[in-house]
Amino acid sequence: VSCEEKMPPEVVINNDRFTQRPHDHYHRGDMKKTPTGIAPVITVDRKSARPLYRQVYEGYREAIVERRLRAGQRLPSTRSLAAELQVSRLPILSAFDQLLTEGYIEGRVGSGTFVASTLPNELPAPRPAIRQGRRNFSKPVKLPPEPAPRPRGWGAFRVSEPAVEHFPFQVWSSLVARTSRNLTKALMLYGDPMGHRAFREVLAGYLGTARALRCDADQITVVSGSQQALELSARVLLERGDQVWLEDPGYSGAREAFTLADARLVPIPVDDEGLDVAAGIARCPRPRAVYVTPSHQYPLGVTMSASRRLKLLDWAQESGAWIIEDDYDSEYRYGTQPVPALQGLDRDTRVIYIGTFSKVLFPALRLGYLVMPRDLVAHFARVRDAADICPPTLYQAVLTDFIAAGHFARHLRRMRAVYHERRDALVGALATEIPSLRVIGDPAGMHLAAVNDKLRDGKIAERAAAEGLWTMPLSECYLGEVTRRGFVLGYGGVKSDDLVTAVRRLRGLIKA
Ligand SMILES: Cc1ncc(COP(=O)(O)O)c(C=O)c1O
């Protein structure tokens with residue numbers, strides 16, 4: 001029985017409504033340029049007594065009422081929908097016509113058919129479940145509570161905000177376009193869970209030259225930012241309950257990753273030479289791993305001294321601990337050469353090295369890398385494969401060309417000058433406006449610490465947040481005893497003049 005025969009006589013297909021719109025895609029066929037939407041799941045039963053047009057109409061109406069199709073969302077073309085449901089276009093046309101009449105959908109001249117934009121997108125609160133089975137989920141998540149309220153959005157003095165306005169959009173977009181046009185099979189199908197080979201080769205070259213690492217491409221896995229590298233490291237290296245030394249004050253991202261892995265966190269103090277290795281040994285002599293930011297300690301900005309580096313490596317060799325080196329922003333160093341990574345000094349291959357493009361390009365790119373000792377490669381590869389395989393190959397390929405063609409080096413050079421100027425503006429403004437704050441950790445990166453142990457930094461940060469100013473209180477960066485107070489101030493994403501204004505606002509808040 002053809003669907004046409006099943007159509008009730010009262011349904012009139014008002015062809016005019018569609019033919020009058022010159023580009024209407026669902027009447028005039030799929031014009032090449034007219035995009036088509038994603039079809040919701042509806043069932044069509046050809047054996048049912050209910051006419052096909054009715055089934056399609058009801059299926060779509062229900063999808064719209066349940067907000068599986070959202071206001072303004074594009075509908076599939078009638079031709080593609082007919083093909084998908086394996087019916088002729090006629091019942092689809094009449095179903096859509098009915099939905100149009102009732103105001104569920106609307107046509108837009110030249111661009112297609114959409115769910116009516118006037119429909120509310122929010123579902124009413126669900127009715128309480130009458131009977132609910134047990135709702136079990138994974139082991140309790142023991143993440144620390146959310147920090148004090150922070151302002152929405154970006155700006156002074158948000159940490160981790162690069163100057164994205166200086167990003168080389170032109171070059172990047174042409175590389176994205178070129179790579180997308182020339183997608184090879186290797187770029188489109190499942191690849192190596194360790195990452196795109198060409199990217200890892202380029203990374204190995206860059207890391208050897210710029211960061212004095214000793215590694216080749218086989219030891220690198222591509223990750224979606226340092227955060228994933230920390231999570232993977234915890235999965236591969238730790239057992240539940242293992243002790244991990246963390247710098248104190250330290251990076252909340254590391255704290256969270258190791259907390260999720262059920263590690264026991266051991267805060268180890270940081271002094272002017274970096275992580276206090278002797279204090280660590282006294283407090284916890286046999287941890288499974290140590291997390292460090294030796295090039296630019298987060299948040300205090302100290303560079304780990306040579307003697308501490310050697311002491312840490314010697315002790316790790318003796319004790320069998322892994323060292324997780326987070327080298328998140330050391331490409332930016334002002335006045336002196338970048339400090340070589342700890343990994344390059346490591347003779348006993350105890351260091352797992354982590355780097356990211358979040359600061360040097362932009363954080364939403366979610367690309368980073370983890371460099372591992374050779375004997376860990378198989379373990380990481382296995383876990384990678386079972387987790388998320390690897391980040392999108394397209395962007396790995398784009399970044400390969402971006403680095404290989406010299407755009408990355410050029411961008412770094414330009415950005416170093418931009419951040420240098422912003423750093424100077426912030427340091428200058430702090431010295432003039434709030435001399436009671438002592439600046440530390442400013443020779444590198446995109447943030448510094450402004451210390452004054454008498455400040456109630458948490459309270460001030462809360463008040464600043466209410467006024468839209470980001471000020472990360474130093475006291476919040478501690479896991480153990482708070483020994484320093486003040487603020488971690490990011491300057492990467494803020495123009496020099498705005499930094500000066502923001503410092504004046506901070507002065508007012510501190511005074512108040
Ligand atoms: C110490 C530290 N590590 C790593 C990162 C970057 O994290 P991701 O690469 O996950 O964006 C940041 C960003 O603020 C950081 O402060």
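Normalising by the residue count of the chain, find the relative contact order in percent from Cα pairs under 8 Å and 6+ residues apart. Walk me through the numbers before you get to the answer.
Values: 891 pairs, mean separation 85.3, N = 512.
About 17 percent, as a whole number.
What ratio of Cα Rg to 2.2 N^0.38 Å holds for region 147-299? Numbers along the way, then the final one.
Details: Rg = 19.4 Å, N = 153, 2.2 N^0.38 = 14.9 Å.
Region 147-299 yields a ratio of 1.31.
Where the centroid of each part is defined by its Cα atoms, how far is region 188-207 from region 255-329 in Å?
Answer, in whole Å: 29.
For the ranges 406-414, 83-91, 183-191, what's the packing order if you count other beta-carbon atoms within 10 Å of each residue, average per peptide, and put the highest first?
Values: 406-414: 14.2, 83-91: 16.8, 183-191: 11.3.
Ranked from most to least packed, the peptides come out as 83-91, 406-414, 183-191.
Which order do peptides 234-242, 42-50, 354-362, 57-65 fall in by mean Cβ count within 10 Å, highest first? Write down the numbers at each step before the final one.
Details: 234-242: 16.0, 42-50: 11.1, 354-362: 22.7, 57-65: 18.3.
Ranking, from highest mean packing down: 354-362, 57-65, 234-242, 42-50.
Which of 282, 292, 306 sits farthest toward the positive end of the charge dipole of region 229-342, with +1 on the Cβ of Lys and Arg and -1 on the Cβ of Asp and Glu?
282
Using unit Cβ charges (K, R positive; D, E negative) and no other charged atoms, how large, in debye to the nearest 20, is the dipole of region 401-512 about its Cα centre? Intermediate values should be presented prior to the final figure.
Values: 18 positive and 13 negative charges, 41 e Å.
Roughly 200 debye, rounded to the nearest 20.
Using the charge dipole of the chain (Lys, Arg: +1 at Cβ; Asp, Glu: -1 at Cβ; taken about the Cα centre), state which of 193, 434, 107 has its Cα farthest towards the positive end.
Toward the positive end, the furthest listed residue is 107.
With θ set to phi - 60° and the Karplus curve 6.51 cos²θ - 1.76 cosθ + 1.60, what are the ³J(HN,Hα) couplings of region 470-476 in order, to the nearest whole Hz, using x for Gly and Pro?
Coupling constants for region 470-476: 7, 9, 6, x, 4, 4, 6 Hz.
Grab the eigenvalues of the alpha-carbon gyration tensor for the chain, scale each by 5, take roots, and send me the semi-axes largest first in whole angstrom. Walk me through the intermediate numbers first.
On the way: eigenvalues 559, 154, 123 Å².
Whole-Å semi-axes of the equivalent ellipsoid: 53, 28, 25.
Write down the percent of antiparallel bridges among all DSSP beta bridges whose residues are both part of the chain, to the nearest 5. Walk me through the numbers before you get to the answer.
Values: 27 of 44 bridges.
So the antiparallel bridges in the chain amount to around 60 percent.
Rank these for me by crowding, 175, 232, going from fewest to most other beta carbons within 10 Å.
Numbers: 175 20, 232 23.
Fewest-to-most ranking of 175, 232: 175, 232.
Considering only 364, 80, 230, whose Cα is most displaced toward the positive end of the charge dipole of the chain, charges sitting on Cβ of Lys, Arg (+1) and Asp, Glu (-1)?
The residue sitting most towards the positive pole is 80.
What's the whole-number percent of alpha carbon pairs in region 265-349 lying beyond 14 angstrom? Please report the intermediate quantities before stating the final value.
Values: 2178 of 3570 pairs.
Tail of P(r) above 14 Å: 61 percent of Cα pairs.
Please give the length that would be gained between residue 416 and residue 136 if that part of the chain were fully extended, namely 0.36 nm times their separation in residues minus their C-alpha to C-alpha distance (nm, one decimal).
95.8 nm
Collect residues whose amide H, placed 1.01 Å from N in the peptide plane, falls under 5 Å from the amide H of residue 243; neighbours closer than 5 in sequence don't count.
264, 288
Out of residues 5 or more away from residue 322 or on other chains, whose amide H comes under 5 Å of its own, with H placed 1.01 Å from N in the peptide plane?
289, 290
Helix-only mean residue ellipticity at 222 nm, the chain, DSSP H runs n ≥ 4 weighted -39,500 (n - 2.57), per residue, nearest 500. What is it? Working shown, then result.
Numbers: 17 runs with 193 residues, N = 512.
One gets -11500 deg cm²/dmol as the mean residue ellipticity at 222 nm.
Please report how far the C-alpha centroid of region 240-254 lies from that of region 457-504, rounded to the nearest whole angstrom.
22
What list of ³J(HN,Hα) couplings, whole Hz, do you get for region 487-495 from phi and the Karplus terms 6.51, -1.76, 1.60, once you set θ to phi - 60° and write x for glycine and proline?
Result, ordered by residue: 9, 9, 10, x, 10, x, x, 10, 5 Hz.
Given the peptides 470-480, 93-103, arrange them by the average over their residues of other C-beta atoms within 10 Å, most packed first. Can you show the working numbers first?
Numbers: 470-480: 21.5, 93-103: 19.0.
In descending order of packing, they fall as 470-480, 93-103.
Run the numbers for residue 334 and residue 481: contour at 0.36 nm per residue of separation, minus the present Cα-Cα distance, in nm.
Details: separation 147, 0.36 × 147 = 52.92 nm, distance 3.17 nm.
Between residue 334 and residue 481, full extension yields 49.8 nm more.
Where does the charge balance sit around residue 184 when Lys and Arg score +1, Asp and Glu -1, over other residues with C-beta under 13 Å from its C-beta? Don't skip to the end; give the middle numbers.
Working: positive: 178, 181, 185, 197; negative: none.
Computed value for this residue: +4.
Given a cut-off of 32 Å, name the pairs among 142/359; 311/495; 142/459; 459/495 whose C-alpha atoms lie farther apart than that in the structure shown. Kindly include the intermediate steps, with their values, before the conclusion.
Numbers: 142/359 28 Å; 311/495 40 Å; 142/459 25 Å; 459/495 26 Å.
Distance filter (> 32 Å) returns 311/495.
So if I place +1 on the C-beta of Lys and Arg and -1 on the C-beta of Asp and Glu, and nothing else carries charge, what would the dipole magnitude of the chain be about its Cα centre? I want it in debye, nearest 20. Before the final figure, lay out each step's value.
On the way: 70 positive and 58 negative charges, 164 e Å.
In debye, rounded to 20, the chain gives about 780.
Let a ≥ b ≥ c be the square roots of the eigenvalues of the Cα gyration tensor of region 342-382; is it rounded (a/c under 1.5), or, if not, prolate (a/b larger than b/c) or oblate? Write down the numbers at each step before the final one.
Numbers: a/c = 5.58, a/b = 1.63, b/c = 3.42.
Oblate, since a/c reaches 1.5 and b/c is not below a/b.
Quick query: amide H of residue 248 versus all other amide H atoms, modeled in the peptide plane; which residues come in under 5 Å with a sequence gap of 5 or more or a different chain?
Result for residue 248 returns 268, 270.
Which percent of Cα pairs goes in each bin when the distances of region 192-244 are cut into 10 angstrom slices starting at zero?
With 10 Å bins starting at 0, P(r) equals 23, 43, 27, 8.
Using Cα positions and a limit of under 14 Å, work out the aspartates and glutamates in reach of residue 47, with same-chain residues fewer than 8 apart set aside.
5
Any read-out appearing in this document is the output of simple, stated calculations on the displayed coordinates, not a laboratory observation. These numbers were taken from a predicted model, which means no experiment stands behind them. Cβ coordinates were reconstructed from backbone atoms using ideal geometry, including for glycine residues, and neighbour counts include every protein chain displayed.
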